[in-house]
Amino acid sequence: MANKNGYSDLKMFYDADCDLNVLKGKKIAVIGYGSQGHAHSLCLRDSGMDVIVGLRKGGKSWAKAVDAGFQVYEIADAVKQADIVMILINDEVQAKVYKESIGPNLKDGAYVAFAHGFNIHFQQIVPASNINVFMVAPKGPGHTVRSEYLDGKGVPALYAVYQDVTGNTLDIALAYAAAIGAARAGVLETTFKIETETDLFGEQAVLCGGVTALMKAGFDTLVEAGFDPRNAYFECIHEMKLIVDLIYKGGFSMMRYSISDTAEYGDYVIGPRIINDSVKAEMKQVLKEIQDGTFALNWIAENNNGRAHFNAMRRIEAESLNERTGADIRALYSWNKPETLLESEKGVKVGKLF
Ligand code: NAD
Ligand code: MG
């Protein structure tokens, strides 16, 4: 029943509701050893689970997983041995890898798990009818999943059951969530549809697309009015962190308590003029295109066609004035070790978020 905040009646589970024993005697293959993969593997093992890692031979994660003490196999060989297969490789390659190496090698009655609903919801992966399918999606990057676990805490997660042939997939999903520490914080019920649609909408309209477009529009407005790009960068981009940190800690109220009354007044009267009804109308259109599969279709086509548009946009954005200015601004902070996107792509990435 909806309560006074309009919450629906989604269930929330905690450690006391989850029985780790249902995972005893089951071999878990974690496929991929990136942000989520390394965190799940290590936390599951520390929770007493039998974990192996499935990777591409010669891939750059192989040595890392071996160094961490895991038995590492090529994906097909890991899947053949496993009762539970958690797929933590990039979403856009999952369908191909599933078709070639995972699906044909699954044991009868195995459990296939995901940390994001895209491929199941948009039917890029259609597991056979003798396979259980669930999701455990931590609401935080892998390095935080791991550090919170080590701290005796946990990152909250969403769980969903898509296909249940053995009748205990919910118990397995909850135990998995508990074994990576999520049930110490709370594990919230969802569906593959809800998780996929809200995740895509949030990252496109607000967290990634919306925020960067807003900052860039502000930066460009000041620069086009003749201000130095460095002034524009400080005011419209760099200081975003201070605001977001306050919101993270105590909501808009704490942020508004911490800024001047002048800033707070401007927030109330100008904010809705910037993010106005036409922006809201566009957001609704964006949500519609997520729900009707238009976005998925475009993104899948982009990947099937060598990512010409994606790669060009990535290059154009990386070369932009705001990015060049940002590198100079960050260099002013001696405690801020400069890290360019290219360096981070070379493997020092600590936490990819979305
Ligand atoms: P990542 O990019 O950090 O790691 C992906 C791993 O897959 C890497 O080890 C990469 O080498 C490997 N890989 C890539 N292509 C491959 C291929 N063709 N064959 C075999 N291995 C391949 O990814 P991630 O952020 O850990 O995301 C994994 C899953 O978790 C995704 O479904 C994502 O949506 C989900 N997720 C991520 C986060 C997050 O914060 N990072 C949070 C929740 C859910
Ligand atoms: Mg996402």
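The values are calculated or read from the model by the stated rules, or taken from the named source; none is laboratory data. None of these values were measured; they are calculated from a predicted model. Using ideal geometry, Cβ is built from the backbone for each residue, glycine included, and neighbour counts are taken over all protein chains shown. For the accessible areas, the whole protein counts, side chains as well, though only heavy atoms, and no ligand, DNA or RNA atoms are used. Shrake-Rupley method; radii C 1.70, N 1.55, O 1.52, S 1.80 Å.
Kindly provide the trypsin sites (Lys or Arg not before Pro) of the range 1-94 that DSSP labels as loop, not H, G, I, E or B, and whose Cβ sees at most 16 other Cβ atoms within 10 Å. If you can, show how the numbers build up before the last one.
Numbers: sites: Lys4, Lys11, Lys24, Lys26, Lys27, Arg45, Arg56, Lys57, Lys60, Lys64, Lys80; in loops: Lys4, Lys11, Lys24, Lys26, Arg56, Lys57, Lys60.
In loop regions of the range 1-94 (DSSP not H, G, I, E or B), the sparsely surrounded trypsin sites (Lys or Arg not before Pro) are Lys4, Lys11, Lys24, Lys26, Arg56, Lys57, Lys60.
In the range 1-151, what is the volume of the convex hull around the alpha carbon atoms, normalised per residue and reported in Å³? List each step's numbers first, then the result.
Values: hull volume 22.1 nm³, N = 151.
That works out to 146 Å³ per residue.
Quick check for me: using +1 on Lys/Arg Cβ and -1 on Asp/Glu Cβ, what's the dipole size of the range 1-152 about its Cα centre, in debye to the nearest 20?
Details: 16 positive and 16 negative charges, 64 e Å.
Dipole size: approximately 300 debye.
By the scheme Lys and Arg +1, Asp and Glu -1, what is the net charge of all other residues having a beta-carbon under 11 Å from that of Glu317? Intermediate results must be reported in sequence, preceding the final value.
Details: positive: Lys216, Arg314, Arg315; negative: Glu319, Glu323.
Taking every Cβ under 11 Å from that of Glu317, the sum is +1.
Considering amide H positions built from the backbone, and no H for Pro or chain starts, which residues 5 or more places from Val112, or on another chain, come under 5 Å of its amide H?
Placed amide hydrogens put Val85, Asn132, Val133, Phe134 under 5 Å from Val112.
Compute the separation of the alpha-carbon centres of the range 1-54 and the range 135-174 and state it in Å as a whole number.
3 Å
How much accessible area per residue does the chain have, counting only protein heavy atoms and a probe of 1.4 Å, in square angstrom?
Details: 20020 Å² over 354 residues.
Accessible surface, normalised per residue, equals 57 Å².
Amide H neighbours of Asp19 under 5 Å, counting only residues 5+ apart in sequence or on other chains, H built in-plane at 1.01 Å?
Correct list: Ala175.
Taking Cα pairs under 8 Å and at least six residues apart, what relative contact order does the chain come out at, in percent? Could you put the intermediate results ahead of the total?
Numbers: 510 pairs, mean separation 53.1, N = 354.
About 15 percent, as a whole number.
Filter the cross-link list Lys60/Lys193; Lys99/Lys280; Lys26/Lys249; Lys26/Lys153; Lys60/Lys80; Lys24/Lys60 down to pairs whose alpha-carbon distance in this structure exceeds 29 Å.
Numbers: Lys60/Lys193 33 Å; Lys99/Lys280 39 Å; Lys26/Lys249 39 Å; Lys26/Lys153 25 Å; Lys60/Lys80 23 Å; Lys24/Lys60 31 Å.
Over 29 Å Cα-Cα: Lys60/Lys193; Lys99/Lys280; Lys26/Lys249; Lys24/Lys60.
Residues of the range 199-241 with backbone nitrogen within less than 18 Å of a virtual label 7 Å along the Cα-to-Cβ line of Glu282, please, listed as ranges.
In the range 199-241, the label zone of Glu282 (backbone N under 18 Å from the point 7 Å along Cα→Cβ) covers 201-222.
Are there GluC sites (Glu not before Pro) in the range 269-338 that DSSP marks as loop and that have at most 10 other Cβ atoms within 10 Å, and which are they? Provide the component values of the computation, followed by the final result.
Values: sites: Glu282, Glu289, Glu302, Glu317, Glu319, Glu323; in loops: Glu319.
Within the range 269-338, the qualifying GluC sites (Glu not before Pro) (loop, at most 10 other Cβ atoms within 10 Å) are Glu319.
With only Lys, Arg, Asp and Glu charged, each at its Cβ (+1 for the first two, -1 for the last two), find how big the charge dipole of the chain is about the Cα centre; round to the nearest 20 debye. Display every interim value, and only then the final one.
Values: 37 positive and 44 negative charges, 152 e Å.
It works out to roughly 720 debye.
Mind putting a number on the dipole of the range 276-326 about its Cα centre? Charges go on the C-beta only, +1 for Lys and Arg and -1 for Asp and Glu, and I need it in Debye to the nearest 20.
Values: 7 positive and 8 negative charges, 18 e Å.
Dipole size: approximately 80 debye.
As a check on your grasp of the helix formula, calculate [θ] at 222 nm for the chain: sum -39500 (n - 2.57) over DSSP H runs of n ≥ 4, divide by the residue count, round to the nearest 500.
Values: 16 runs with 168 residues, N = 354.
About -14000 deg cm²/dmol.
Using the alpha-carbon centroid of each, what span in Å lies between the range 96-130 and the range 231-253?
41 Å
Could you tell me which of rounded, prolate or oblate describes the range 184-223, using a ≥ b ≥ c as the square roots of the eigenvalues of the alpha-carbon gyration tensor, with rounded for a/c under 1.5 and, failing that, prolate when a/b is larger than b/c and oblate otherwise? The partial results should precede the final answer.
Numbers: a/c = 7.99, a/b = 2.68, b/c = 2.98.
Oblate, since a/c reaches 1.5 and b/c is not below a/b.
Please state the shape class of the range 195-260: rounded when a/c is under 1.5, otherwise prolate if a/b exceeds b/c and oblate if not, all from the C-alpha gyration tensor. Provide the component values of the computation, followed by the final result.
Values: a/c = 3.32, a/b = 1.27, b/c = 2.61.
Taking the square roots of the gyration eigenvalues as a ≥ b ≥ c, the range 195-260 is oblate.
How big is the chain on each of its three principal axes, counting only the C-alpha atoms and giving the largest first in Å?
66, 51, 41
In terms of modelled amide H atoms, which long-range or inter-chain residues lie less than 5 Å from the amide H of Ile275?
none
Which ³J(HN,Hα) values in Hz, rounded to whole numbers, follow from the phi angles of the range 89-95 under the Karplus curve 6.51 cos²θ - 1.76 cosθ + 1.60, where θ = phi - 60° and Gly and Pro get x?
9, 3, 4, 6, 9, 4, 4
Based only on Cα atoms, what mean projected area does the convex hull of the range 152-278 have, in nm²?
On the way: hull surface 45.1 nm².
That works out to 11.3 nm², a quarter of the Cα hull's surface.
Using the Cα centre of the chain as origin and beta-carbon charges of +1 (Lys, Arg) and -1 (Asp, Glu), tell me which of Gly202, Ala312, Ser147 is placed farthest towards the positive end of the dipole.
Going by the charge dipole, the pick is Ser147.
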